[in-house]
Amino acid sequence: MPNPLLSWTAPLARRLWLGLLLGTATLLGANPGSNLKVLYVGGSSNWEKETYATPEAAAEDVTRRMASFEAMLKKYFTSVTVMHASDYRQKDSLAYDVTVMDGTPTPLSERRVVRDATGRVTEVIPARYFTEDFSRPVVVIGELGEKLGRSIGLKFDWYCLCLDAHAHGFRAEHPIFKGPFPVRMTIEERPTPEDAFHYAYYRTTPTPKSLPMWRVQTKGYQSDRGFRIGMVARPWGFEDSPDAETISSGVCQKGLDAVAIGRHGNFFCWGFAASPEFMTDEACTVLANGICYIARFTGQGLLARKYHDRRATKHWITELKYLATREAYEDYCELNRRHNERMTSTRREAEARKLKGEKLTQIEEISLGYRPGPMASFEDTLRNRFKDLYPVYGTDVAAYHRYYDENFDYFYSEAPFYKLVVDEDAKAAGIPNTHPRILAWAIEQWEKNTDVERARRILKRYTLLDYETAGEWRAWYDQNRSRLFFTETGGFVFMVNSRDPKVEGNDYARKRLSLAYGAIAVAETDPQNPVSVAAGVAPRGDGKKEIVVKLKVHPGYHIYSHVSPRDAFAPARIDIRLPAGYTFAGELEKPAFQPYGNDPGTGIYRNEFRFTREISGSGAGEVKVTVSYQCCDAHICFPPDEQVVTVKLD
C-alpha cells in the first residue's frame, strides 16, 4: 500500500504537525506522580528505508518519530530530554533515571572480523555500545536490544525480526500492566499465528486455535507494506537467571513463547517497533509504566551474560528429537512446498511491477531469481542434520530418541551454532550437570584425592572460577551454595545470585576462554580420514594464554587416551614446541576419557575433545603442535599416525 510519508514533505505542514503533538502533550499535562528524569535517544524511522522516495523524506520521518516520542513522554513525565543518537555518549545516561534508546549511537568500538592465515573467519567481535559495568536503567526499542546489547551479553538476541502489531501470552499481573499509570487493556480473541503451529512440538499441550490478544500498534508490517518490523528474542533459557524475566510475547513467525517484552538486568526491551504515533493509547501507557518499572533496577547490572546468541540449551533437544522423525520430514516438505508457492507468486508480482517501472522491495528483488529446487529424501535429510549420529543410528528414530533421553542430564554447550555434547565426566559421576550436587561431588573427590583430574575438569567447566586447591573450592561452595543458580544461556555455569563485587563466581573474564575454544574449528572427518586436528590460542585475560588442541574423531571410531601393558595400542601424544619468548605455565590438561572393554588400564577418546596448556610470554612466533595417535573402529585399527599443525602468536 502507498506510504503516506512520501507526500509529507512541506515544511509548513511539518511545523504544524510537531506543534500539534507538543501542544497536545502540554494541554494533557504530565502525571504529577512521576518525577523521573527521562532521556530519549532517537534516530530511527517508522518505515523501512526502501519505502522512502528520497533521503530527505527518510530524514524527515526520523524527526517526526522523535517528536512523537517526545510528545508521548512529556504526557507522562515531568522531565524529558531529547537528543539524536549521533550526539549520545554513555556518560549522558548518568544524569537521568531512565534512557530510552531508539537510535544507534556511535559505538565505543567497531565491529571486527577475525580471520586465520587462510582467510577463514574464526570470530566476529560485535560493535560495543556500552561497557560491561554500565548499570543505568535503559529501555531499548525494537531490534536495538540485540544491536546495542550483543557485546555485553544481553539476552535480547535476534531470534526473529518478525514482530507485528499484537501482543499475546502477556503476564497480566506484571507491574507494567498495573501502574503507576492506570491501564485498561482491551483484550480480544484472535486466531493463533499460523507459524506458531510449526513449533507445536515444543509444547506439552495442543496449540490453541485462538489466543487472547492485545493490540499494541495501529499499523503493522503485515498490513502496511514497508512498516518497520519489531523483534523477538529466543525464549529458551531467557529466565534461567534471576536477573531476567519474560513479560509478553507477540504475533510473529516463531513459537508462542518468543520474547517481545522482557527485562534483563537494568535493560527493558520493548520489541515492538512503532513510534507512539502508531501505537494504541493503551500501549503508550504500558510503555510509560515500563519506563517506571526499569527505573527500579538502577545499579543492578547483568549477572548472567549471553555472549553467544546461538548457544544451544537443553530445550533444543526437544527440537532435535522432533527433527529425527518422519513427521518432521513431512512437515518440512509441506513447509517448502508452501514457501515455493509464495515465492513463485511473489516473483510473478515482482515481474509485473518491474515492467511498470515500480520500485521493488528487497524480498521482491530476491524473488526474481528464485527457482524451486528438488526435495531431499528422508535419509539425506537425517544425514545432513545429524552428521555425527547418522552413521550410528541411520533412520532408526527410536534410537535417536533413546540417545537424547539417556544423555539429557549430561549435555552441555561451550561453542556457538547450536552444538551440544555429552559431558562424559558428569555422566561418570551420574549427576545432572545442572544440579549443584555435581559441584559438591567434585569437591569431595578432590578432598579424598580420588578422581582428582575429573573433579578439576567439572569444577572449571561449570563455574567461572579457577581455584587451585580443594580447600578453596570447599570454602567458596559452602559460603554460596544457597545462592547458586545454573544458567545455560550464560555459558552452562553455576553463578551466585549476588551483585556484591566481593563475591567470587560471577566474573566472565575466565569464561571468555570458552568463546575462544568455540572459535577453533576442526575439519569434517570421513572413514578414510577419521581424525581431524586443529589448534589455536585462547587468551586467559590475566596476561597468560592457552594453546588449545582440538581433535575430532569420526563416528564409530576412537583413539586411545592411555593403554594397559596388556594392550598393544598406541596412546595419543601431544607435543607442543614454543617459540622464543614463551614458556609453559602449567601442565597439559587432558579431556575426559571413556573406558575401553573390561580393562581399566585402557581408555579411549570419541567424538570431539580438546587438550589445553597454559603458556606465558610475549612476542611474535609460531607454535608447532604434533599429535600422534592410533585410530580404530570396532573391527580394525589403522597404523599409528600423526598430524602437525601450527599456531601463530603475536
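Throughout, read-outs are computed from the coordinates displayed, never taken from laboratory work. Bear in mind the structure is a predicted one, so any value in this text is a computation, not a measurement. Quick reminder, even Gly has a Cβ in these numbers, built from the backbone with ideal geometry, and neighbours come from all protein chains shown.
For the reader, a short list of remarks on this structure follows.
- Pairwise FRET efficiency - Asp281 versus Asp507, Cβ, R0 = 45 Å, nearest 0.05: 0.50
- Near-label residues of region 390-416 by backbone N, under 15 Å of a point 7 Å along Cα→Cβ of Asn607: 390-393, 400-416
- Were the residues from Lys37 through Glu453 laid out at 0.36 nm apart, the gain over their Cα-Cα distance would be 144.3 nm.
- Violating pairs (Cα-Cα greater than 24 angstrom) within the set Lys49/Lys419; Lys550/Lys648; Lys306/Lys427; Lys147/Lys550; Lys314/Lys427; Lys460/Lys624: Lys49/Lys419; Lys306/Lys427; Lys147/Lys550; Lys460/Lys624
- Sequence ranges 447-457, 221-231, ranked by mean other-Cβ count within 10 angstrom, highest first: 221-231, 447-457
- For region 249-257, Karplus couplings with θ = phi - 60° (6.51, -1.76, 1.60), whole Hz, Gly/Pro x: 9, x, 5, 8, 9, 10, x, 6, 10
- Region 92-99 - phi-based ³J(HN,Hα) in whole Hz, Karplus 6.51/-1.76/1.60, Gly and Pro as x: 4, 5, 5, 8, 10, 6, 9, 10
- Projecting the Cα atoms of Val537, Ile125, Leu439 onto the charge dipole of the chain, computed from C-beta unit charges around the Cα centre, puts Ile125 farthest toward the positive end.
- The stretch between Ala428 and Glu587 holds 54.9 nm of extra length on full extension. This uses 0.36 nm per residue minus the Cα-Cα distance.
- Solution diffusion estimate, µm²/s, Stokes-Einstein, the chain, Kirkwood Rh from C-alpha pairs, 4 °C, viscosity 1.567 mPa s: 47
- Paramagnetic label reach from Glu319 (point 7 Å along Cα→Cβ; backbone nitrogen cut-off under 16 Å): within region 146-182, residues 156-162.
- Rounded FRET efficiency, nearest 0.05, which uses the C-beta distance separating Gln594 from Gln362 and R0 of 60 Å: 0.75
- Relative contact order of the chain: 9 percent, from C-alpha pairs under 8 Å at least 6 residues apart in sequence.
- Gyration tensor verdict on region 414-509 (Cα atoms; rounded if a/c is under 1.5, prolate if a/b is larger than b/c, oblate otherwise): oblate
- Separation between Cα centres of region 430-470 and region 85-143, rounded to whole Å: 36
- FRET efficiency, 1/(1 + (r/R0)^6) with R0 45 Å, evaluated for Thr186 and Asp466 via beta carbons: 0.25
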